[in-house]
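The structure under discussion appears below in the form of structure tokens.
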Amino acid sequence: MKTLFLMVILTAFSFLLSAKDYTLESPSGKVQIKVAIADQISYSVLLDDRVIIAPSQISMEISDGTIWGKDAKVRKAKTTSVSQEITPVVQRKYAKIQDEYKQLTLNFKDYSLQFRAYDEGAAYRWVSAKDGEYKVNSELASFVFPNDCGLWFPEEESMYSHQEREYLREKLSDIGTERFASTGLLADCGNGVKTYISESNLMDYPGMFLRGCDKNDKALVGKFAGVVLETEQTSDRDVKPTKYANYIAECMGPREFPWRAIVISENDAQLVQSELIYKLAPECKIENTNWIKPGKVAWDWWNANNIYGVDFVAGVNTQTYKYYIDFASEYGLEYIILDEGWYVLSDIMQLEKDMDVKALIDYGKEKNVEVILWVVWKALDDKLEEALDQFQAWGAAGIKIDFMQRDDQWMVNFYEKIAAECAKRELLVDYHGAYKPSGLDRAYPNVISYEGVKGLENAKWSNLPDPEHNVTLPFTRMVAGAMDFTPGAMINRNKTNFNDVFTQPMSPGTRCHQLAMYPVFESPLQMLADNPSNYYREPECMEFLSAVPSVWDDTKVLAAKVSDYIAVARRSGDTWYVGAMTDWDARELELNMDFLGEGAYTIKVWKDGLNADKHASDFAQETLEVTSSSTVKVKMAPGGGWAAIIKKK
């Protein structure tokens, strides 16, 4: 009888340990995470006691049959507070980032769960304590909403994707179980509150997509590519998975898994200002970073090397690229790119007959212009060390690596391998044909930018990106990190007379819409996409483009509404640069200058011309005097923009 009584007591005690709720508050108490431990682990997220994420189950199934999160028994719970200042090696929004959060760690038998509460959002991740080899069969990452919210849904047709998507406006209940999107994904929770779902510390693990559920479930659920077992190479750049394993990751020993990140904003400006993805990323793994230099780039591919007014035949040849170097040098641009065509596509070590890369790099150094080399990932991987050693010996500044189109575990590891091997040789990396930033750029700050965005190159063959898409990106894709949109078109058209022309491309929207992208869109390696011959004809615009930096000491969002408009002020040193953009609706904004210090300032403005609604390249300039108490009126044409430089008098 005593034995039976003891068993009942032990069982009840065990249940009390396992069936328990934990609450974690952000430093100000604004954001709360509630974790329920019962037969399944679930979490919920609240903002000022308002449910943002309703109870959502999470789990991870391991190859030995164990399901982490099922019938879990907490062995130890610990809460810690962190307040620190991060100094990014390569700035984006800020010279210093304030990193403050509270963390709850729940330890179980072979694993633990970590939750972090920030005033700007929430995150969780799994941490394994297992030794030896094991596989992750599946992961349940669910995000249940309390109502049928609206979504900005970057829908995918396949997980073999560049992740360059249009953000479709959808209701959660209309998604269904078969449709899925890449991350990050933005949800409208009502009353001005929005939730952005993505991930950080994506290392040695597949990237997360989000699929819908039954319309009654009001949920999004993680979707992951299996480990790739077989591929088929169909061209120099397309290596498609043809067979996946029934598990998603192969693991060895104790390790951390990616953070599932939730940015919460009470107004749209907070989305643009968030650095949550960067804060959750692993710390820098490179000892010497002094050589890493952000800057602007004269880019050849968008304008098809279609220069004119010269005494040589334009094309992929040494003379043409010297012209690009001369242009970059004249306007203080730090880099040019040799894009597709400089090497024989079947062999990265064989130059095309009209190219002398070493001579171009040497010529660039004489002009204080560095050279970045475009490569297809598979051609590089086939001769990785030989090619990178050659690039280093030539004196190249970095690589633009393209067409990966995957984020399964093997490819995620390939990204890190490239970052590490390039860092050894002091080479920058710009990922194209790529998934979104998810922490690698903090661990390896030579990872200077990412594509993973439907950028300006698409205007060569479609009517996107249009102004509405452009004013959606700062609140969606750009929240994840650097965004190589490649702005700078000097041929501009309105909605009715835009046409896609591959070799002489133009942009939908006005000239000042393009100029404003430089303060609005974040990329430490920022392109000037158009033809240098066109830029030479636009000295007033080049006055702005030659001055505007690519990294920032401070950022202020002056006006913001997702998919409608945005205005951003960014400081570099003592100078402020401002960009404002609108969708296809003409718009007037009043921008408060209260971010300025004491005293008088001069503001030089590039604004839509009186006829920009008919002739989108029309622009005008004006110079004003302002103080911190001033309000500046901004008037933008349909698809328009506004840009300014503010200096102390």
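One Cα centroid belongs to the range 46-70, the other to the range 159-178; the line between them spans 23 Å. Value of Rg to Rh for the chain, rounded to two decimals, is 0.99; Kirkwood radius and Rg both from alpha-carbon coordinates.
Calculate how steeply helix 357-366 sits against the longest principal axis of the alpha-carbon atoms of the chain, using the helix alpha-carbon long axis, and give the answer as 0 to 90 degrees to the nearest 10. For 357-366 against the chain, the angle is about 70 degrees. Between 0 and 90 degrees, the angle of helix 384-394 with respect to the longest Cα principal axis of the chain falls at about 40 degrees.
Rounded, prolate or oblate: which fits the range 22-266 when a ≥ b ≥ c are the square roots of the eigenvalues of the alpha-carbon gyration tensor, with rounded for a/c under 1.5 and prolate only if a/b beats b/c? Note, shape of the range 22-266 comes out rounded. Model label points for residue 240 and residue 169, set 7 angstrom from Cα along the Cα-to-Cβ axis, are 3.4 nm apart.
For the chain, give me the percentage of DSSP beta bridges that are antiparallel, rounded to the nearest 5 percent.
Percent antiparallel among DSSP bridges in the chain is about 85.
The relative contact order of the range 22-266 comes to 18 percent, based on Cα pairs under 8 Å that sit 6 or more residues apart.
Against the chain, whose longest principal axis is taken from its Cα atoms, helix 511-520 shows a tilt of about 40°. Among beta bridges from DSSP that stay inside the range 331-462, the antiparallel ones total about 5%.
As a proxy for reagent exposure, 52, 277 were ordered by neighbouring Cβ count within 10 angstrom, fewest first; the result is 52, 277. Once C-alpha pairs closer than 8 Å and six or more residues apart are averaged by separation and normalised to the residue number of the range 199-295, the relative contact order reads 28 percent. A simple rule links phi to the HN-Hα coupling: the Karplus curve 6.51 cos²θ - 1.76 cosθ + 1.60 with θ = phi - 60°, which for the range 622-637 gives 8, 10, 10, 10, 9, 10, 5, 9, 7, 10, 9, 8, 10, 10, 10, 6 Hz, with x for Gly and Pro.
The distance linking the range 372-397 with the range 585-649 is 44 Å (Cα centroid to Cα centroid, whole angstrom).
Largest first and in whole Å, give the semi-axes of the range 337-460's equivalent ellipsoid, each being the square root of 5 times a Cα gyration tensor eigenvalue.
23, 16, 15
Sorting 469, 615 from the fewest to the most surrounding beta carbons within 10 angstrom yields 615, 469.
Remark: 148, 608, 204 ranked as 148, 204, 608, counting other beta-carbon atoms within 10 Å and listing the fewest first.
Distance from the C-alpha centroid of the range 417-454 to that of the range 291-343: 22 Å, rounded to the whole angstrom.
Read-outs: derived from the displayed coordinates by stated rules, not from any lab. Note that the coordinates shown come from a computational prediction; the quantities given were computed from them, not determined experimentally. Glycine gets a Cβ as well: all are built from the backbone with ideal geometry, and neighbour counts include every protein chain shown.
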